[in-house]
Amino acid sequence: MSLLLDSPVTERAAVSKRHGRGFWAVAGTFLVAMAYSTVPAPLFPLYVAREGFSTFAITVVFAAFAVGVVISLVLAGHVSDWAGRKTVLIPALGLEIVSALLFLTSTSLPVLIVARVVNGLGVGMIAATATAYLYDLHARHRPGASPRRFEIVSTAANIGGLGVGALVAGVLAQYAPSPLSTPYVVLAVLLVVSISAVALTPETVARKQVPYRPQRISADHGDRTSYLAAALGAFAAFAVFGVFTSVSPGFVAGELHHPSRLLAGLVVFLVFGGAALAQTVTGGLSPTARRRLGLGGQAMGVLLVVAGMYATSFPLFLIGGAIAGVGAGVQFKASIGAVTAMAAPAKRGEALASLFFIAYLGLSVPSLSIGLATRFLAPVTVMTWFAAILLLLLAGVAALSRRSR
């Protein structure tokens, strides 16, 4: 009996189970961390009501998140490859808790901006590290198995988590007391639980002494036309995500006359939920088919959003947002696939870092521009111009994609 219990096969089975439990612990942690990132989205109208912020001020708060993410991706997104996954992931979750505490201490504009920068710093570390950690744990738990489970779970936790956070925050802000505090308290508690879960998860990287250098950003990877098409596609996809996360809750409350925080959260949830679902179910499509679906979905969705604003139709706005989310999700997946395929293995991390850098510019620059423009023009007019520029950008992506074939 003791020989059986101590056999290598039994030990490997025990280790495999630990990695299996760790896989789901890290997946849950990833989802909670990404969910925390969109907690402020349905609360922005409440900040406007309490502090009198303009739409531009709200987009500055939102864009501060993207600044933090970009800084973190460049400085720390690759560190877990040699320092260890847990060594990076646990402090990153700590940054998210610090961000939540800042949100709880004040509703002043400077504090909100700092809180979002800290949030972005944590997410930049978490997104890269948790994705790699999930892959490691999946491979250790199921050696030789298809990576399909990893792909579905990591997508659901990452993009799906962004939608879940806005929906949970909207529900809590609508029905729980202290709407500007309760969502942060709930997510902070879940983040503390997540740190404990990660601490109990097996490490998958042996620590090495490696000279530190920031992640290099470069666009010189294979076919430049193909890379430019992928980069512009990522920019366009994140522009849609940014607009719906930053200014759409205000549009729903103001232009569409639906001040419900639950509905504001629902809009963001449908955009990211549609993106996550589309990324999951389109794995079998060819790169060309994914690109076409992404371009078409974004174009159709944003036109329906503008039509909904002109008609003051919340259902039309909601449908347009969901379709735009589907298109953006597929578009971004196509960009990731194209860059991964064209980059040399030794420079794949560098190529993807460059792509994410451009994507996060798309998350912030259009939203800031819309926020600034609403100081001088009606929101419907501003969104019409956004739709027109986005359509031109999508046409450029389509033209570049045809040239690169």
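Couple of notes before you dig in:
- Within the range 303-342: backbone nitrogen closer than 11 Å to the Arg403 label point (7 Å, Cα to C-beta): none
- Dimensionless Rg ratio for the chain, taking C-alpha atoms and the 2.2 N^0.38 Å reference: 0.98
- Inter-part distance, the range 96-127 to the range 296-364, computed on C-alpha centroids, equals 25 Å.
- Euclidean distance between Cα centres, the range 38-86 to the range 237-265, Å: 17 Å
- Ranked by the mean number of other Cβ atoms within 10 Å per residue, highest first, peptides 390-396, 61-67, 244-250 order as 244-250, 61-67, 390-396.
- Amide N of the range 233-267 lying under 18 Å from the label point, which is placed 7 angstrom from the Cα of Val380 along Cα→Cβ: 248-259
- Legend: calculated FRET efficiency, His257 to Ser146, from the Cβ-Cβ distance at R0 = 56 Å, rounded to 0.05, equals 0.70.
- Least to most buried among Asp136, Asp223 (fewest other Cβ within 10 Å first): Asp223, Asp136
- Its Cα gyration tensor gives the range 216-405 an equivalent ellipsoid. The semi-axes, each the square root of 5 times an eigenvalue, are 30, 16, 14 Å from largest down.
- Once the Cα gyration tensor of the range 312-388 is diagonalised, semi-axes √(5λ) in Å: 32, 17, 7
- By other beta-carbon atoms within 10 Å, ranking Leu137, Leu200 with the fewest at the front produces Leu200, Leu137.
- Among Ser178, Ser369, Ser37: highest mean-square fluctuation, GNM of the chain, C-alpha pairs under 10 Å: Ser178
- Residues Leu134, Leu285 arranged by fewest to most Cβ contacts within 10 Å: Leu285, Leu134
- In nm, spacing of pseudo-spin labels at Arg213 and Arg50 (7 Å Cα→C-beta vector): 4.6 nm
Bear in mind that the values in this text are calculations on the coordinates, not laboratory data. Please read these numbers as outputs of a predicted model, since none were measured by experiment. Neighbour counts are summed over all protein chains in view; Cβ atoms, including those assigned to glycine, are modelled from backbone coordinates with ideal geometry.
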